[in-house]
Amino acid sequence: MTTPPSTSHGTFQGTDVLRWPVVGLLLRWRHFRTALQLVLLAVAVVIVVHGFIGPEIASANLATVLTWVHYRGLLVVALLAAGNLFCTGCPIIRVRDWARRLHVPTRHWPKRLGGKWIAIVLFAAVLFTYELFDLWSLPRGTAYLVIAYFVVAMGVDLLFTGASFCKHVCPIGQFNFLTSTVSPLEVQVRSADTCRSCHTADCVSGHRPGGRSTPIVQRGCELGLFLPAKVGNLDCTFCLDCVQACPHDNVALGTRAPGVELADANRRSAIGRLADRPDLVVLVLLFVFGAVMNAFGMITPVYRVEQWLTTMTGGAPEAVVLGILFVAVIVIAPIVVVGGAAVATRIVSADARSPWRITARYVYALVPLGVCLWTAHYAFHLLTGALTVVPVTQSAVIDLMGWPMFGEPLWRWAGMRPGKVFPIQLGFAIFGAVGSIGVAHLISLHDHPKRAVRATMPWAIAIAIITVAAIWVLFQPMEMRGVGFGG
Ligand code: SF4
Ligand code: SF4
């Protein structure tokens, strides 16, 4: 059997961004993360304040505009251009670190709550409530959501050690972790030989310059990732604590082939083998089919389907109708499409594994498609509404200061016309499909070297089905709610 290239084993051969003249110096600066967190904390404060005191109109309030247009759009742009920079700059972790100066948690996250199950439930709940309550249109609701996020994260991380909230609870974090598997950068060791001769493992346990019995002056990886055994970007928040902690300056932020880690069957530090993680399998399915559902929720035909379901159920409440729709798209569709591909692969490649085991191996191939579908959706809002932040900020300044310090609001500023964005969306969908088929084929080359093409075919068909469905959704007439400021 051939082995797909592993991302973190052996000596690093890519380009190390940490060694670049200006960017490298900035990233290695001890207070880089804090500086980024303070900027995003200021943005979070603006969102909450304007959410409460600003106008109730979504397109005129910084809470809704910054959260549902700019934050989501820039999040995927950063992930695709570099890596998980929004976890790096997460303001919640800044506030948590301040709070931990007053109260240091001592409990470890309970083993029976391990994995991503809580985050999966919250991810599904956020998708569902977003559609049910039209969160994009509620400045106050958005402000409450931000506050709730801070409160829950504080509660979890003041009770449990490490980055328990990031690893097990945060739905945005799981979105970022999955998307970062196709990022071009990865935190990895520079030399495996240096790690082999290293006896302290400070990258994970923390740096103690005076030896084991002395206090930690720089924490190690809060996510429990031991650098020499780390593979890929899953569970990595790009915090760069390991860069500061390694006493041998042996950690790089290196370039790599995006997505290849999804085909890697090796055991990973703090994660294990991907195929042995049912929670990650479910998370990937929710991520991919949730992208289709989220886009479906903003187009006109969804209302016809909802009306039909309301009639069929004898006038059931909206929550029930939406629940039926969610079950159809994020439960039944994956079972049929992905389960069908697994059964077909079992037959055509004479694979003795159960359909579940085959699914657990190949499902990660769907991630590039999922990433590109989320990007196509968020890019639409970002590109059609990018400039709205200017007049809304001008208006917010008038609300707060009482006079037009930045001039009268330029309400005509918005962004690209929707028609101009459609080709970009189509490009993302096709690009994602090609990437997913490529990853599926890498998996086949590893698992079925003599029948690789045959083993890949069912997955290529499944990917094509999801892509066609998503493109159909992207090209449907859109509710006004979706244009420019959310949906
Ligand atoms: S502390 Fe540095 S040298 Fe030691 S194992 Fe970690 S990355 Fe390798
Ligand atoms: S400390 Fe852990 S989470 Fe942070 S960058 Fe290093 S490996 Fe990633």
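Across region 302-318, the number of residues qualifying as more than 26 Å from the chain's Cα centre (by Cα) and part of a helix (DSSP H, G or I) comes to 11.
Residues are listed down the side, and each one gets a yes or a no for (1) loosely packed, with under 13 Cβ neighbours inside 10 Å; (2) aliphatic (A, V, I, L, M):
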{"residue": "Gly254", "(1), (2)": "no, no"}
{"residue": "Glu261", "(1), (2)": "no, no"}
{"residue": "Arg267", "(1), (2)": "yes, no"}
{"residue": "Ala270", "(1), (2)": "no, yes"}
{"residue": "Ala291", "(1), (2)": "no, yes"}
{"residue": "Gln307", "(1), (2)": "yes, no"}
{"residue": "Ile330", "(1), (2)": "no, yes"}
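Kindly evaluate Val156 against the criterion of being touching a Cys at 6+ places or on another chain (Cβ under 7 Å) and either more than 9 Å from ligand 1 (Cβ to nearest atom) or in a helix (DSSP H, G or I) (or both). No: the conditions fail for Val156. Quick check: anything in region 269-289 of a type in the set (Phe, Trp, Tyr) and away from ligand 2 (no atom under 12 Å from the Cβ)? The answer is yes, given that some residue of region 269-289 is of a type in the set (Phe, Trp, Tyr) and away from ligand 2 (no atom under 12 Å from the Cβ). Out of curiosity, is Val217 without any contact (Cβ under 8 Å) to a residue 12 or more places away in the chain and away from ligand 2 (no atom under 13 Å from the Cβ)? Criteria met by Val217.
Quick one: is Asp235 within 10 Å of ligand 2 (Cβ to nearest atom), acidic (Asp, Glu) and at positive phi? Criteria met by Asp235. The set of residues in region 249-262 that are within 15 Å of ligand 2 (Cβ to nearest atom), in contact with a Ser or Thr (Cβ under 8 Å, 6 or more places away or on another chain) and within 21 Å of Val23 (Cα to Cα) comprises Asn250, Gly254, Arg256. Quick check: anything in region 69-77 under 26 Å from Asp193 (Cα atoms), modelled with pLDDT of 95 or more, assigned to a helix (DSSP H, G or I) and among the basic types (Lys, Arg)? For region 69-77, residues under 26 Å from Asp193 (Cα atoms), modelled with pLDDT of 95 or more, assigned to a helix (DSSP H, G or I) and among the basic types (Lys, Arg): absent. Every test in (1) within 13 Å of ligand 1 (Cβ to nearest atom); (2) surrounded by 21 or more Cβ atoms within 10 Å (Cβ to Cβ) is passed by Gly206 save one, and that test is (2).
Taking the conditions exactly as written (within 16 Å of ligand 1 (Cβ to nearest atom), at pLDDT 95 or above and under 22 Å from the mean Cα position of the chain (by Cα)), does Val151 satisfy them or not? No: the conditions fail for Val151.
The values are calculated or read from the model by the stated rules, or taken from the named source; none is laboratory data. This one's a predicted model, so the numbers in the text were calculated from it and none came from an experiment. As a convention, Cβ positions derive from the backbone with ideal geometry for all residues, glycine included, and neighbour counts pool all protein chains shown.
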